[in-house]
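The values are calculated or read from the model by the stated rules, or taken from the named source; none is laboratory data. A quick note: this is a predicted structure, and the numbers were derived from the prediction, not measured. We place every Cβ from the backbone using ideal geometry, glycine too, and count neighbours over all the protein chains shown. What goes into the accessible areas is simple: the full protein's heavy atoms, side chains included, and nothing from ligands, DNA or RNA. Shrake-Rupley method; radii C 1.70, N 1.55, O 1.52, S 1.80 Å.
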Amino acid sequence: MPVPSRVRSQQAFARACQVIPGGVNSPARAFGGVGGNPLFIDKGEGAYLHDLDGHRYLDFVGSWGPLILGHAHPRVVAAIEQALRRGTTYGAPTESETELAELIIQAVPSIEMVRLVSSGTEAAMSAIRLARGSTGREVIIKFAGCYHGHVDSLLVAAGSSATTLGVPNSPGVPRGAVADTLVLRYNDTQALEDAFRTQGARIAGVILEPVVGNMGLVIPTTEFRSALRRLTHQHGALLIYDEVMTGFRLAYGGAQELFQEMPDVTVLGKIVGGGLPLAAYGGRAEVMKQVMPAGPVFQAGTLSGNPLAVAAGIATLRELREQAPYPYLEQLGQRLATGLIQAAKASGLPHQLARVGSMWTLFFNPDPVTDYEVAKRSDTARFGRFFWAMMNRGCYLPCSQFEAAFLMTVHTEAQIDQTLAAAREALAEIG
Ligand code: KE4
């Protein structure tokens, strides 16, 4: 397979490396897990990314999840343009923030009140502060391989690029910051029972990705999910669903709608901002009323509820509510998964295809991936070769085995079939 020239991206990367650490503004984009240099993007259009060298790619990253409607969706663009003409930010409340809050509350079963912030990290950080502040306790349980942004106290055995680049526990995170963070194995119900039996009275909250994207896709067992709800309820700890990736993705009401679960606090991001910097945390009113200025738990932000991001979020949620694209996304996901499994079987390569709706991962792993230890046994070198073989065939996948890929409402069955044809060739090539 001829490798297309990417000289403009290489020149842009070299220039960026002079002034930006690693040439990127987030390590997840650094291609550290697959080798080579990141592509520099000229534009996105619908299901496609265009790089500086004029190559077009079917996009299965969607900016790591936000772009469920594809790039530059007309309704989202129009909403941002309209808001832009009235200014970009006021540092004062607007009715549009209330409108987005109402949309979120209508959509997400467990949310009665919500605070808007600017990133998933900020939302997760605020959610654990709220858990500690509202319970008066200090221990937070997280699960190895789950990623909740780069807040110190959760940057322990974190997934996503903290794993891709092999730095689960980053320098600069002081021991004190993680002294009250208890890291357990995902899907390990016994370990969860033991933790609550021995330290239940100290546990402020448990935070998890209800379907993990940051180890690659990992699905919770029903036993694990019900133990989470039972034990947190029994011991007075808050159950925090980090739905930054799954919110509005797996269902309009997120994973908690899919699983019919009711966490105490939900963290949202990505889709809820329609591709602009906006995230949120919300939950039961009695808990959220602890947040300042209604209550004593501090949290603030200059651009929280930014009018442009709110406009993009409202347009996105309205489009999702009206179009209800989840059956279509499920149909596309089934088509893709079936074809990938067939292609991987034909190649004879050890593989696992994990999928929930429009989130999926092809693991190069002989064993079903149920937790971080298993995920880390995946053949990341082979994943890297697959990544580039697909890229050279016009398919832009997440640049790490430890990331989920995403489908968009603008993907078509023909594009899925095109992708499967590329995958058959790519798997044969890397065999
Ligand atoms: P942000 O601070 O990046 O907006 O959100 C942090 C976050 C929180 N929770 C979950 C479940 C997440 O997946 C994320 C961010 N996801 C990564 C990709 N897996 C974002 C990509 C990046 O870091 O550049």
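With respect to being in a helix (DSSP H, G or I), more than 11 Å from the ligand (Cβ to nearest atom) and open to solvent by 10 Å² or more (accessible area, probe 1.4 Å), Arg115 falls outside the description.
Listed by first and then second residue, the pairs with beta-carbon distance under 6 Å, at least 6 apart or on different chains, first residue in segment 388-417 and part of a helix (DSSP H, G or I), second within 16 Å of the ligand (Cβ to nearest atom), are Met390/Leu397.
For segment 175-184, the condition of being buried (at least 19 other Cβ atoms within 10 Å of the Cβ), without any contact (Cβ under 8 Å) to a residue 40 or more places away in the chain and assigned by TED's automatic domain parsing to the domain that holds Arg249 holds for at least one residue. Applying the condition of being in a loop (DSSP other than H, G, I, E, B) and under 16 Å from Arg249 (Cα atoms) to segment 52-65 and asking which residue is nearest to the chain's Cα centre (by Cα) yields Gly65.
Number of residues in segment 134-162 that are assigned to a helix (DSSP H, G or I) and either in contact with a Cys (Cβ under 6 Å, 6 or more places away or on another chain) or more than 15 Å from Tyr281 (Cα to Cα) (or both) equals 6. Being in contact with a strand residue (DSSP E or B) (Cβ under 8 Å, 6 or more places away or on another chain) and without any contact (Cβ under 8 Å) to a residue 24 or more places away in the chain is a property that does not hold for Asp371.
Take the conditions (1) open to solvent by less than 30 Å² (accessible area, probe 1.4 Å); (2) within 16 Å of the ligand (Cβ to nearest atom); (3) within 15 Å of Ala309 (Cβ to Cβ); Ser63 misses just one of them, which is (1).
Checking each residue of segment 28-51 against the condition of being assigned by TED's automatic domain parsing to the domain that holds Ala389, hydroxyl-bearing (Ser, Thr, Tyr) and not in a loop (DSSP other than H, G, I, E, B) gives at least one match. Among the residues of segment 66-103 satisfying the criterion of being within 16 Å of the ligand (Cβ to nearest atom) and of a type in the set (A, V, I, L, M), which is farthest from Gly274 (Cα to Cα)? This residue is Ile68. Report yes if Ala123 is within 14 Å of the ligand (Cβ to nearest atom) and part of a helix (DSSP H, G or I), otherwise no. When the stated conditions are applied, Ala123 passes them. The residues of segment 146-175 that are out of contact with any Ser or Thr (no Cβ under 7 Å at 6 or more places or on another chain) and at positive phi, listed by number, are Ala157, Ser160, Gly166, Gly172. Test Ala28 against the criterion of being buried (at least 22 other Cβ atoms within 10 Å of the Cβ), at pLDDT 95 or above and more than 21 Å from the chain's Cα centre (by Cα), and give yes or no. No, not satisfied. Only one entry of Glu102, Glu112, Glu95 meets the criterion of being in contact with a helix residue (DSSP H, G or I) (Cβ under 6 Å, 6 or more places away or on another chain) and among the acidic types (Asp, Glu), and that entry is Glu112. Each residue in segment 128-159 was checked for being open to solvent by less than 10 Å² (accessible area, probe 1.4 Å) and within 15 Å of the ligand (Cβ to nearest atom), and 11 of them qualify. Counting only residues that are more than 17 Å from the chain's Cα centre (by Cα) and either open to solvent by less than 10 Å² (accessible area, probe 1.4 Å) or modelled with pLDDT under 95 (or both), segment 379-419 holds 10 of them.
As a summary of the residue check, Gly87 satisfies the conditions (1) open to solvent by 30 Å² or more (accessible area, probe 1.4 Å); (2) farther than 30 Å from Lys376 by Cα except for the one numbered (1). Residue count for segment 95-128 satisfying the condition of being in contact with a Pro (Cβ under 9 Å, 6 or more places away or on another chain) and among the small types (Gly, Ala, Ser): 4.
In segment 125-133, the count of residues that are over 25 Å from the mean Cα position of the chain (by Cα) and touching a residue at least 24 places away in the same chain (Cβ under 8 Å) is one or more.
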